[in-house]
1. Residues of segment 6-60 being in contact (Cβ under 8 Å) with a residue 12 or more places away in the chain and either of a type in the set (Asp, Glu) or assigned by TED's automatic domain parsing to the domain that holds Pro104 (or both), which ones?
2. Output the number of the condition that Asp32 fails; it satisfies all remaining conditions of (1) in contact with a Phe, Trp or Tyr (Cβ under 9 Å, 6 or more places away or on another chain); (2) at positive phi; (3) surrounded by fewer than 15 Cβ atoms within 10 Å (Cβ to Cβ).
3. Are any residues in segment 112-135 out of contact with any Gly (no Cβ under 8 Å at 6 or more places or on another chain), within 16 Å of ligand 1 (Cβ to nearest atom) and outside any helix (DSSP H, G or I), and if so, which ones?
4. In segment 67-121, what residues are of a type in the set (A, V, I, L, M, F, W, C) and away from ligand 2 (no atom under 16 Å from the Cβ)?
5. Does any residue of segment 76-97 turn out to be out of contact with any His (no Cβ under 6 Å at 6 or more places or on another chain), within 16 Å of ligand 1 (Cβ to nearest atom) and in contact (Cβ under 8 Å) with a residue 24 or more places away in the chain?
6. So which residues in segment 136-157 are touching a Phe, Trp or Tyr at 6+ places or on another chain (Cβ under 8 Å), outside any helix (DSSP H, G or I) and small (Gly, Ala, Ser)?
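The values are calculated or read from the model by the stated rules, or taken from the named source; none is laboratory data. On a predicted model such as this, the values are computed, not experimentally measured, just so you know. Please note: Cβ atoms are built from the backbone with ideal geometry, for glycine as well, and neighbour counts cover all protein chains shown.
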Amino acid sequence: MKLVRLNINDREYEISVKENWTLLYILREVLDLTGTKCGCSTGDCGACKVIVDGVAVDSCLILAVKAEGKSITTIEGLAKATELHPIQQAFIDSGAVQCGFCTPGMIISAKALLDKNPNPSREEISKAFGNNLCRCTGYVKIIDAVQLASKRMGGEV
Ligand code: FES
Ligand code: FES
């Protein structure tokens, strides 16, 4: 076991980890941050997305020991107390959530995109969801949701 320090949602954690534990495993099984989902463990579905140093990445592909010293944001880090993040609210208002399994990963990818590009085109939004899979929605309402969030957050759509 190795002791690592992880900064997750602006909180410092000191955790004993095995060298082969992924960041996803730590989030879900050690810290009980189960908003981040596991759909494949192979980097194919995007359900496990978290933001690491500003970039949306698959937490199933990152070893926890490699995440030391980086700034990590999970879906639990977006809402403020009882107030949803505008992207979360826009997903609800746009009807972009069906079974919801892909939704945390989608919202994390959207957050990373809007942080860099507050006013993305539909094509840019679609590209940002390159490895986020959704089996339910057909993606149209998800893209609508990101455009709505962009508008509400001050981007011009
Ligand atoms: S669980 Fe990580 S990409 Fe599917
Ligand atoms: S809402 Fe069911 S997988 Fe996307």
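1. Scanning segment 6-60 gives Asp10, Glu19, Asp44, Asp53, Asp58.
2. Only one criterion is unmet by Asp32, namely (1).
3. Answer for segment 112-135, where residues must be out of contact with any Gly (no Cβ under 8 Å at 6 or more places or on another chain), within 16 Å of ligand 1 (Cβ to nearest atom) and outside any helix (DSSP H, G or I): Gly130, Cys134, Arg135.
4. Ala67, Ile72, Leu78, Ala79, Ala81, Leu84, Ala112, Leu113, Leu114
5. no
6. none
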